[in-house]
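Below you'll find the structure, written out as structure tokens, and then a few comments.
The values are calculated or read from the model by the stated rules, or taken from the named source; none is laboratory data. The shown structure was predicted, so the numbers you read here are calculated from the model rather than taken from an experiment. Cβ: placed from backbone, ideal geometry, glycine included. Neighbour counts: every protein chain shown. Heads up: the accessible areas ignore ligands, DNA and RNA and are worked out on the full protein's heavy atoms, side chains in. Shrake-Rupley method; radii C 1.70, N 1.55, O 1.52, S 1.80 Å.
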Amino acid sequence: MKTDAFFQNFISPRCHKVEHNVTELDSFRDKAVLVKATALYQIYKHNVFETSGRLSIRDFYQVAGQYLYYDKYVCKHGTEFYYYVIFNDKNEMYKLTKSLLEKRIHANRPETLKDLIKIYYAVTKEVSNE
């Protein structure tokens, strides 16, 4: 799989930013899963086999931030980003790895952050002080 196929087929285009507003995010938020940025990069690395065209972690985060909505979690240890992702249930590679991905996503869910200070929600000015 190549990078464009990862963002266009492994991840469903249904969750892509097009209008960049809360109405669009709300239209699929309940179908999306919050995936920690580092976990999404690991999923990417394990599914994109092109070595010369594979994105660096920095480039991946820039591309993912353009494609996907995300919440920003400010913690004492640093800042974590969680992307709103809908995986494509029809993608063969996703079907083969679904159970493993679900475990990785669950292990890195936002509720595991023990030193959370506040959350900046996607496309809003809302802040939650935990």
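See the values below:
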quantity: Efficiency of FRET from Cβ geometry, Q8 and Y120, R₀ 30 Å, rounded to 0.05; calculated: 0.65
quantity: Rounded to 10°, Cα long-axis angle of helix 57-67 versus longest principal axis of the chain; calculated: 80
quantity: Nearest 10 degrees, 0 to 90: helix 37-47 Cα axis against the chain principal axis; calculated: 0
quantity: Approximate spin-label separation V18-K98, in nm, with each point projected 7 Å along Cα-to-Cβ; calculated: 2.5
quantity: Per residue value of the accessible surface for the chain (all protein chains in place, 1.4 Å probe), Å²; calculated: 58
quantity: Alpha-carbon Debye profile of the chain, log10 I(q)/I(0) at 0.17 Å⁻¹; calculated: -0.92
quantity: Student exercise, region 19-130 dipole from Lys, Arg, Asp, Glu Cβ charges, in Debye to nearest 20; calculated: 400
quantity: The chain: calculated mean residue ellipticity at 222 nm from DSSP helix runs of at least 4, using -39500 (n - 2.57); calculated: -10000 deg cm²/dmol
quantity: Cα shape, region 16-72, gyration tensor, a/c 1.5 rule; calculated: prolate
quantity: Dipole magnitude of region 66-116 about its Cα centre (Cβ charges: Lys, Arg +1; Asp, Glu -1), debye to nearest 20; calculated: 120
